[in-house]
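The values are calculated or read from the model by the stated rules, or taken from the named source; none is laboratory data. Since the structure is predicted, the reported quantities are computational estimates derived from the model, not experimental observations. Glycine gets a Cβ as well: all are built from the backbone with ideal geometry, and neighbour counts include every protein chain shown. Please note that ligands, DNA and RNA were not included when accessible areas were found on the heavy atoms of the full protein model with its side chains. Shrake-Rupley method; radii C 1.70, N 1.55, O 1.52, S 1.80 Å.
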Amino acid sequence: GHKYGYKNYDNKDHSKNTLPIDFLMLGELFQNNHHKSPNAVNFARRKFEFDPSYWIIKSMHFVRIIKLRRQEA
């Protein structure tokens, strides 16, 4: 998640987003996005990025297995 890929943000580090491997890792290789917003539930930022774990978490919230809180600015 830090050596190969592309950057959406200049985080002053070496983090990168890695596609298409990221889909297999359920969104865990959106490292550059994660370093920009570490507390975000959804690490996908661009139209072609898809974070499967976000939809799993969102579904768990919908059926009240977990409770998501709003992210503070």
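Data overview
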| quantity | calculated |
| --- | --- |
| Pairwise label distance in nanometres, Lys67 with His14, each label 7 Å out on the Cα-Cβ vector | 4.2 |
| Calculated P(r) of region 1-41 - Cα pairs past 10 Å, % | 63 |
| Per residue accessible area of the chain, 1.4 Å probe, in Å² | 80 |
| Approximate spin-label separation Tyr6-Leu24, in nm, with each point projected 7 Å along Cα-to-Cβ | 2.0 |
| Rounded to the nearest 20 debye, dipole of the chain from Cβ charges on Lys, Arg, Asp, Glu | 240 |
| Accessible carbon and sulfur surface of the chain relative to its total accessible area, %, 1.4 Å | 58 |
| Surface/4 estimate of mean projected area, convex hull on alpha-carbon atoms of the chain, nm² | 5.3 |
| Cα-based Lys proximity count in the chain, under 28 Å, for pairs eight or more positions apart or on separate chains | 19 |
| Low-density loop cleavage sites - chymotrypsin sites (Phe, Trp or Tyr not before Pro) in region 1-65, where at most 14 other Cβ are within 10 Å (DSSP) | Tyr4, Tyr9, Phe48 |
| Mean Cα-pair separation over length for the chain, i.e. relative contact order, pairs under 8 Å, 6 or more apart, % | 21 |
